[in-house]
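One structure is given here, and the rest of the page talks about it.
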Amino acid sequence: MMKKVYLLIVFITFITLLGGCLKSNDAVLTPDEKIGNDDENEESDTIQFALPKEGDQVAQIVIKDFGSIYVRFFEEAAPKAVENFLTHAKNGYYDGLTFHRIIEDFMIQGGDPTGTGTGGESIWGKDFEDEFAEDLHPYRGALCMANSGPNTNGSQFFIVQSEATYTEDILQQIEQLYNKKFDKKAIQNYGKIGGTPWLFRSHTVFGQVYDGLEVLDAVAKVKKADEEQGIPAERVIIEKIVVSEY
């Protein structure tokens, strides 16, 4: 199955099955804001939403006419995905490519040299395996690998833009429908931050936006030539991805 179709299928399936059960979030937290009370915060929260530390590798995704999105990485949890993305970025692989699929309230996807959603390869010239971690989720702002099924990671990636949040009841339905399991902190986070919980452990989460969510949202709102497929009316170009130390 083609990478450009895979995410759309699960998205449409999820929306069809759950219909109007999503609840909007009136005050969505940004990734660097603390979640919950001090005595409620555990490692599962701080790992994904903490700011980078001095000396950490970070990346600036410069999008023409929009601005920059800044991401940090989870090298210990997803070493291959991080190495693949950073090496491609440093080599200029992504320069001039597009976000070829953009679905507002879902995600923006790029990293395909063909711009069709069917191309691109890893730095090793072949697909590599998924790297899942229980404390990394496709919350809003998560940087994830796009794939066409298990262990088919190449060069394509997406950033979760969805602000939709979920009640515990809805998350229980997602658990049943998609054979997922969410711990207490994940339930809390999806209820405050939003994201795409049905994609948990289906796509490697290897980074997180720590600045530039307003740019992410602006990109998501671009006019579409094909709303269903998420094809932008005009090319949304990745000028470059700059890797540096924080």
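Coordinate-derived values only; no laboratory data. Since this is a predicted model, take the numbers as computed values, not measurements. We place every Cβ from the backbone using ideal geometry, glycine too, and count neighbours over all the protein chains shown.
Mind ordering 55-66, 118-129 by average Cβ neighbours within 10 Å, highest first?
Answer by packing, highest mean first, reads 55-66, 118-129.
Hey, for a label at Ser68 modelled as a point 7 Å past Cα toward Cβ, could you say which residues of the stretch 219-246 have their backbone N under 19 Å away?
219, 237-246
Based on the Cβ-Cβ distance from Tyr246 to Gln176, what FRET efficiency comes out when R0 is 51 Å, to the nearest 0.05?
Working from the Cβ atoms, E equals 0.80.
Which residues' amide hydrogens lie under 5 Å from the amide hydrogen of Arg101, considering only partners 5 or more residues apart or on another chain, with H built in the peptide plane?
Gln109
Going highest first, how would you order 87-94, 188-195 by mean Cβ packing within 10 Å?
For the peptides 87-94, 188-195, the packing ranking is 188-195, 87-94.
Which ³J(HN,Hα) values, rounded to whole Hz and listed in residue order, are derived for the stretch 215-220 from phi using the Karplus coefficients 6.51, -1.76 and 1.60 in 6.51 cos²θ - 1.76 cosθ + 1.60 with θ = phi - 60°, glycine and proline given as x?
Listing the rounded values in order: 6, 4, 5, 5, 4, 4 Hz.
With θ set to phi - 60° and the Karplus curve 6.51 cos²θ - 1.76 cosθ + 1.60, what are the ³J(HN,Hα) couplings of the stretch 163-179 in order, to the nearest whole Hz, using x for Gly and Pro?
For the stretch 163-179, the Karplus curve yields 9, 4, 10, 9, 6, 4, 4, 5, 5, 5, 5, 5, 4, 6, 5, 10, 6 Hz.
Using amide H atoms built in the peptide plane, which far-off residues or other-chain residues are under 5 Å from Gly195 H to H?
Amide H neighbours of Gly195, under 5 Å, 5+ apart: Arg140, Ala164.
Work out, step by step, the length gained on full extension between Glu54 and Glu227: first 0.36 nm times the residue separation, then minus their alpha carbon distance; give nm to one decimal.
58.2 nm
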